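Participant: Provided herewith is a single structure, encoded as structure tokens, for subsequent inquiry.
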Amino acid sequence: MNAAFRISGAGRLSQAKTASFSFDGKPYTGIAGDTLASALLANGVHLVGRSFKYHRPRGFLSAGAEEPNALVQIVRDDARKTPNVRATVQELYDGLIANSQNRWPSLAFDVGAVNDIASPMFSAGFYYKTFMWPKWAWKDLYEPKIRAAAGLGVSPEKPDPDHYASRYAHCEVLVLGGGAAGIASAVAAAETGVRVILADEQAEFGGSLRFESGARIDGQDGYAWAQAAIARLKAMDNVRVLSRTTAFGYYAQNFVGLVERVSDHIKNPGRELARERLWQVRANRVVIATGAIERHMVFANNDRPGVMLASAARTYLNHYGVAVGRNVGVYTANDSAYAAAIDLKKAGVNIAAIVDLRDNPSGPVIDEARALGIEINFGRAVVSAGGKLRVSSMTVQPKNGGGGRTIPVDAILMSAGWTPSVHLFSQSRGKVAFNEESKRFVPGAYAQDCVSVGACNGADGLDATVDEAYAAGAKAAKEAGGKVGKGAKPKVDAGESWSRGMLGAGPGAGPGTTVKAFVDFQNDVTAKDIRQAVHEGMHSIEHVKRFTTNGMATDQGKTSNMHGLAIAAEELGKPIPQVGLTTFRAPYTPVTFGSIVGHARGALFDPTRRTATHGWAARQGAVFEDVGHWKRAWYFPKAGEGMHAAVNRECVTVRKVGGLFDASTLGKIEVVGPDAAKFMELLYTNPWEKLESGRCRYGIMLREDGFIYDDGVVGRLAPDRFHVTTTTGGAPRVMNHMEDYLQTEFPHLNVWLTSITEQWAVIAVQGPKSRDIIAPLVEGIDMSDEAMPHMSVREGKICGVPTRLFRMSFTGERGFEVNVPADYGEAVWEALWAEGQKHGATAYGTETMHVLRAEKGYIIVGQDTDGTVTPNDAGLDWAVGKKKTDFVGIRGLTRPDLVAKGRKQLVGLKTKDPKVVLEEGAQIVADPKQPIPMKMIGHVTSSYWSENCGRSIALALVAGGRDRMGQTLYVPMPNGTIEVEVTGMVFVDEKGERLNG
Amino acid sequence: MLLIRCPYCEEERPELEFRNAGEAHIARPTNIAAESDDDFEKFFFIRANPKGVIYERWRHIHGCARFFNAVRDTVTDKFVMTYKAGEPKPAKLPGAPK
């Protein structure tokens, strides 16, 4: 059965295959090849949405990607409810469910439409002015209400179940746009043998050949020529043809982002098909063939459903076989709308009248329209459209004023002229130039290796377009290394040509009028709003744009920017080029987050690094924490234990017996070479030349400004070989820092740096029984205190595999760190664990590690320091070689500010109430009674409950801290002020005897 | 995404493989400990931040890992040329008027 407005014999779709769909719950039938827009129009449906601000009824303006009005929600299931889909782009599939947006309770009766009546309140910039006070009301009252009332679609609430593919591609010539120009360029380039990619946003190639009924190329209908050319291109090995693919962003050095809609047009895509595919294309040359977009006329109520672009009505007729009305009015300022009237008239649609703003135009289309008996009115204007949910009439007046008459119509086709689509050219940082004669911006100076061809370059006729495009395609290919092609240029036998038109508000909507003549449909911006913005002092087009939001909707002003600019220019009394164009930014049309994110979500969002013992720890029930990319065991709760109980037990057990801790994430760098010691002297504050092989030293690394950059224990394995450890988070930047100095400042040093973080698993065995736990498994190393004192390193074997065995401690207990090749990490851990069990040792995680080191006042770079802390501030002056003449940071340390009195220094804090644990980051004051804002003299850097001390402990950076020993300071918190006493940083074993205990 | 020519790998590679490392041709003084406050300030803190041609350091960190120098136009973001670390500032830039 034919839908009411489907015209038999018109269009290119076969009536044979129908598709059922629903809109707002009502069932309809369309045919295969329809868009949602054409299918609704075939059923006589024009009302499809409510506008953003005034909730005015809206229909279809266009038949393409520039659509500002017909935004709908496409629903596949609970999780797939895509909002703001342009009905003019959405292809129909059987079973499609679409709903209108921004209306309540229904599309035809929308309570929010009261905004239209109250619109004087909502004029341009209203939210900057209306809701200024009371201050609290913005967040709690105004904003939520405005957001609920003004809006587009509703986001789905479930995670997106679809997947999105991503590909990189390289080619010599990338052609953007698959109309006559793009196809001609692609053919010319492809014939030279170079790699060509041709992309077009539509499902079918052809561009304006879809509606241009008069075009004939190479002896055939223009659209048929396009299809044949595409078929030939697809058959070529060097050509990739991408339909439904939008070039949305043009980036540096011919890097272009394309998004391909893979399955939005398919009924049941299945799991194997991605929803969209992101193409990141690097092209040697780019041909931009993006065509032009028709502009609407700006007159009162030009947004009524049924008022649309002439080219859209022509597309619906010539491609989809759909008449947009039965009694159609035409309002134009150029020739192209005549062609639409002629095509519709020939298809049996009554043309009520053509209203032409021009005084005495002439030309073949005008003659043809007249010959068909269409009423033509020159020098007249449509000053208002009648009707509400659908246009019902147009009021026509002489353009300079005078008596009008009202003509009943059910659709108005309008054309103010064509705007070249310079979006991608402009994104490529090319500069547009205003052509005074044709009143349009066209590509001027180029910034990249690209060329614009056809309508987007200001070419007016099909003949000129194909000539220019073919030549440009061949030239681009040649520049990119192609051979001379053997093909022939397509011959244009007939084609249409339009130019000129008008910019700005039409009669009846000019200065002094208050009618709703829309410039930007999607953001509800009228001609009056633009003028108001200028009156209120917005003299730059960038300010006018932001004040009115003209061109800032999801359609990015494809139809509105030029009108808005012209109205502002008129009001400012300046020529258009002096007012200037706002910047075109990516994306050309909205791009889903899914296509940008691709597969990088969930577990694939970011790499996860796991240590060799991860599986063991997981089996023991460890709770993990994220440290950079690493998963680290945080604590090992026993059944029924919470975090505090587990950490308390682990802390006590380590000091009493011993514990095993996975320290593999520490950064490790091997510094090797004849000048290794010299290099270490320059990169660390400490002296290294005299460190004996087999001994270790705690090293501090500064930046040139004198602040602590990193720290770690360094073992000298041999005169020319250091095993350097870094903080977990600092490993990559320390390596970079070292490489930087080695390559660029000290290249004379013969040193080689190797990151060995991943190569060695590190098992810290700490506590009084640590030697007893390790010794039975070790071969070839004398572990006695005499042979292997604290801070020494030995190479030998453990469990039969090579080890670098460090005697060192981050707990203050006798301790060792067993380095083994990472592949053996878990096996050696299990063996050590078995030994540890004999003594009652525990496994412990990062939380216990933190508590134990804080009990000893050992700092963590990045927690107790923040990039403004010197060794002296941290109480580590002893680690700075006093006799050294150079190291990175030596000069920085003597800067006036760094040696000034009163610097913040690291100290210990004890709360007066031992049970109170301070909050890390809490601020410290000397006088709690001073008025707010108080003078902060420092902050808490580390704070824990110490089961070993039976009280809380904390480290803090406090101004002049070391001179405040014993002083009482205060930590003001929301629930009251906490009293603290300044103490030394060591809370356990101040003399350090347990290191050998 | 920019393409950057690594002078060691001798080919253009995507920007993702590189990391900027600040202005080039700022040599660390050989006797840095003896520098005056003013000289140290100039060496460590003061940068030209030009609008136009800048000489800067880059590292091919996810490639050969070498530091090298580049001449880039901060307005157009175009790389004029790249050259190896330690080589002098080029006397004449390619494309510059004679």
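Participant: Search the range A:434-464 for residues being free of Cβ contacts under 8 Å to residues at least 40 places away in the same chain and among the small types (Gly, Ala, Ser), and hand back the single one that is surrounded by the most Cβ atoms within 10 Å (Cβ to Cβ).
Facilitator: My answer is A:Gly458.
Participant: Looking at B:Phe18, B:Phe67, B:Phe43, which one is facing another protein chain (nearest Cβ under 9 Å), closer than 30 Å to A:Ala283 by Cα, without any contact (Cβ under 8 Å) to a residue 60 or more places away in the chain and among the aromatic types (Phe, Trp, Tyr)?
Facilitator: Unique residue meeting the criteria: B:Phe67.
Participant: Specify the residue that is farthest from the other protein chains (Cβ to nearest Cβ); the eligible residues are those in the range A:747-763 that are farther than 12 Å from A:Val671 by Cβ and over 37 Å from the mean Cα position of the chain (by Cα).
Facilitator: Residue satisfying both the conditions and the ranking: A:Ile763.
Participant: Next question, about the same structure. State yes or no: is A:Asp963 out of contact with any strand residue (DSSP E or B) (no Cβ under 8 Å at 6 or more places or on another chain), away from chain B (no Cβ under 14 Å), within 30 Å of B:Phe43 (Cβ to Cβ) and surrounded by fewer than 19 Cβ atoms within 10 Å (Cβ to Cβ)?
Facilitator: It is false that A:Asp963 is out of contact with any strand residue (DSSP E or B) (no Cβ under 8 Å at 6 or more places or on another chain), away from chain B (no Cβ under 14 Å), within 30 Å of B:Phe43 (Cβ to Cβ) and surrounded by fewer than 19 Cβ atoms within 10 Å (Cβ to Cβ).
Participant: Also: Please go through the range A:421-433 and give me each residue that is part of a loop (DSSP other than H, G, I, E, B), touching a residue at least 60 places away in the same chain (Cβ under 8 Å) and within 14 Å of another protein chain (Cβ to nearest Cβ), ordered by number.
Facilitator: Once the filter is applied, which keeps residues that are part of a loop (DSSP other than H, G, I, E, B), touching a residue at least 60 places away in the same chain (Cβ under 8 Å) and within 14 Å of another protein chain (Cβ to nearest Cβ), the range A:421-433 yields only A:Ser428.
Participant: Of the residues in the range A:258-280, how many are in a loop (DSSP other than H, G, I, E, B) and basic (Lys, Arg)?
Facilitator: Number satisfying all stated conditions: 3.
Participant: Considering only residues that are surrounded by fewer than 19 Cβ atoms within 10 Å (Cβ to Cβ) and either outside any strand (DSSP E or B) or not β-branched (Val, Ile, Thr) (or both), which ones fall in the range A:971-987?
Facilitator: Those that are surrounded by fewer than 19 Cβ atoms within 10 Å (Cβ to Cβ) and either outside any strand (DSSP E or B) or not β-branched (Val, Ile, Thr) (or both): A:Pro972, A:Met973, A:Pro974, A:Asn975, A:Gly976, A:Glu979, A:Glu981, A:Gly984, A:Val986.
Participant: Mind listing whichever residues of the range B:77-95 are within 10 Å of another protein chain (Cβ to nearest Cβ) and under 12 Å from B:Ile54 (Cα atoms)?
Facilitator: Of everything in the range B:77-95, those that are within 10 Å of another protein chain (Cβ to nearest Cβ) and under 12 Å from B:Ile54 (Cα atoms) turn out to be B:Asp77, B:Lys78, B:Phe79.
Quick grid of which residues meet (1) in contact (Cβ under 8 Å) with a residue 40 or more places away in the chain; (2) closer than 23 Å to A:Arg903 by Cβ:
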{"site": "A:Val917", "(1), (2)": "no, no"}
{"site": "A:Ile932", "(1), (2)": "no, no"}
{"site": "A:Trp945", "(1), (2)": "yes, no"}
{"site": "A:Leu955", "(1), (2)": "yes, yes"}
{"site": "A:Gly960", "(1), (2)": "yes, yes"}
{"site": "A:Met965", "(1), (2)": "yes, yes"}
{"site": "A:Phe987", "(1), (2)": "yes, no"}
{"site": "A:Asn996", "(1), (2)": "yes, no"}
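Participant: I would also like to ask the following. So, A:Ala612, is that one touching a residue at least 12 places away in the same chain (Cβ under 8 Å), more than 39 Å from the chain's Cα centre (by Cα), buried (at least 19 other Cβ atoms within 10 Å of the Cβ) and not assigned by TED's automatic domain parsing to the domain that holds A:Thr848 or not?
Facilitator: It is false that A:Ala612 is touching a residue at least 12 places away in the same chain (Cβ under 8 Å), more than 39 Å from the chain's Cα centre (by Cα), buried (at least 19 other Cβ atoms within 10 Å of the Cβ) and not assigned by TED's automatic domain parsing to the domain that holds A:Thr848.
Participant: Can you tell me which residue is nearest to A:Ser8 (Cα to Cα) among those in the range A:293-340 that are β-branched (Val, Ile, Thr) and assigned to a strand (DSSP E or B)? Before you say what the answer is, go through the steps one by one.
Facilitator: First, pick out the residues of the range A:293-340 that are β-branched (Val, Ile, Thr): A:293, A:298, A:307, A:315, A:322, A:324, A:328, A:330, A:332.
Subset that is assigned to a strand (DSSP E or B): A:293, A:298, A:307, A:322, A:328, A:330, A:332.
Values: A:Ile293: 28, A:Val298: 34, A:Val307: 24, A:Val322: 9, A:Val328: 19, A:Val330: 23, A:Thr332: 28 Å.
Among them, the one singled out is A:Val322.
Participant: Taking the range B:46-59 as the region of interest, how many residues are surrounded by fewer than 17 Cβ atoms within 10 Å (Cβ to Cβ) and either over 28 Å from B:Tyr8 (Cα atoms) or within 12 Å of another protein chain (Cβ to nearest Cβ) (or both)?
Facilitator: Total satisfying the criteria: 1.
Participant: Those residues that are touching a Gly at 6+ places or on another chain (Cβ under 6 Å) and among the basic types (Lys, Arg), I need them from the range A:268-323; list them, please.
Facilitator: Those that are touching a Gly at 6+ places or on another chain (Cβ under 6 Å) and among the basic types (Lys, Arg): A:Arg295, A:Arg304.
Participant: Restricting attention to the range A:572-589, which residues are closer than 13 Å to A:Tyr250 by Cβ and not hydroxyl-bearing (Ser, Thr, Tyr)?
Facilitator: The answer is A:Phe584, A:Arg585, A:Ala586, A:Pro587.
Participant: Can you spot a residue in the range A:377-390 that is among the hydroxyl-bearing types (Ser, Thr, Tyr) and surrounded by 19 or more Cβ atoms within 10 Å (Cβ to Cβ)?
Facilitator: yes
Participant: What tally of residues in the range A:754-780 results from selecting those that are surrounded by fewer than 19 Cβ atoms within 10 Å (Cβ to Cβ) and hydrophobic (A, V, I, L, M, F, W, C)?
Facilitator: 3
Participant: May I pose another question? Go through the range A:624-652 residue by residue and tally those that are touching a residue at least 60 places away in the same chain (Cβ under 8 Å), assigned to a helix (DSSP H, G or I) and surrounded by fewer than 20 Cβ atoms within 10 Å (Cβ to Cβ).
Facilitator: Within the range A:624-652, residues that are touching a residue at least 60 places away in the same chain (Cβ under 8 Å), assigned to a helix (DSSP H, G or I) and surrounded by fewer than 20 Cβ atoms within 10 Å (Cβ to Cβ) number 5.
Participant: Do the conditions hold for A:Arg232, that is, is it among the basic types (Lys, Arg) and assigned to a helix (DSSP H, G or I)? I'd like the intermediate steps shown before the answer.
Facilitator: Numbers: among the basic types (Lys, Arg): yes; assigned to a helix (DSSP H, G or I): yes.
Answer is yes for this residue.
Participant: Now for a different question. Hey, A:Lys910 hits all of (1) outside any strand (DSSP E or B); (2) more than 45 Å from the chain's Cα centre (by Cα) but one; which does it fall short on?
Facilitator: Unmet for A:Lys910, out of (1) outside any strand (DSSP E or B); (2) more than 45 Å from the chain's Cα centre (by Cα): (1).
Residue-wise test of (1) free of Cβ contacts under 8 Å to residues at least 12 places away in the same chain; (2) more than 11 Å from chain A (Cβ to nearest Cβ).
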{"position": "B:Ala24", "(1), (2)": "no, no"}
{"position": "B:Thr30", "(1), (2)": "yes, no"}
{"position": "B:Asp39", "(1), (2)": "yes, no"}
{"position": "B:Thr74", "(1), (2)": "no, yes"}
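Participant: So, one more: Considering only the range A:263-283, how many residues are surrounded by fewer than 20 Cβ atoms within 10 Å (Cβ to Cβ) and not acidic (Asp, Glu)?
Facilitator: Matching residues across the range A:263-283 total 11.
Participant: Continuing with this model, one more query. Test A:Ile773 against the criterion of being more than 14 Å from every other protein chain (Cβ to nearest Cβ) and touching a helix residue (DSSP H, G or I) at 6+ places or on another chain (Cβ under 9 Å), and give yes or no.
Facilitator: yes
Participant: Working carefully through the options A:His563, A:His539, A:His543, find the one that is within 18 Å of A:Lys574 (Cα to Cα) and at pLDDT 95 or above.
Facilitator: One residue alone meets the criteria, A:His563.
Participant: Filter the range A:42-63 down to the residues that are over 23 Å from A:Val515 (Cβ atoms) and in contact with a strand residue (DSSP E or B) (Cβ under 8 Å, 6 or more places away or on another chain), then identify the one that is surrounded by the most Cβ atoms within 10 Å (Cβ to Cβ).
Facilitator: Ranking the candidates gives A:Ala63 first.
Participant: Could you please let me know if A:Leu918 is of a type outside the set (Lys, Arg), in a loop (DSSP other than H, G, I, E, B) and crowded, with 19+ Cβ neighbours inside 10 Å?
Facilitator: yes
Participant: Please indicate, with yes or no, whether at least one residue in the range A:341-358 is closer than 19 Å to A:Gln202 by Cα and either touching a helix residue (DSSP H, G or I) at 6+ places or on another chain (Cβ under 7 Å) or assigned to a helix (DSSP H, G or I) (or both).
Facilitator: no
Participant: Residues that are touching a residue at least 12 places away in the same chain (Cβ under 8 Å) and touching a Cys at 6+ places or on another chain (Cβ under 8 Å): does the range B:77-94 have at least one?
Facilitator: Yes, the range B:77-94 contains a residue that is touching a residue at least 12 places away in the same chain (Cβ under 8 Å) and touching a Cys at 6+ places or on another chain (Cβ under 8 Å).
The values are calculated or read from the model by the stated rules, or taken from the named source; none is laboratory data. Every value quoted in this text rests on a predicted model; they were computed, and no experiment measured them. Neighbour counts are summed over all protein chains in view; Cβ atoms, including those assigned to glycine, are modelled from backbone coordinates with ideal geometry.
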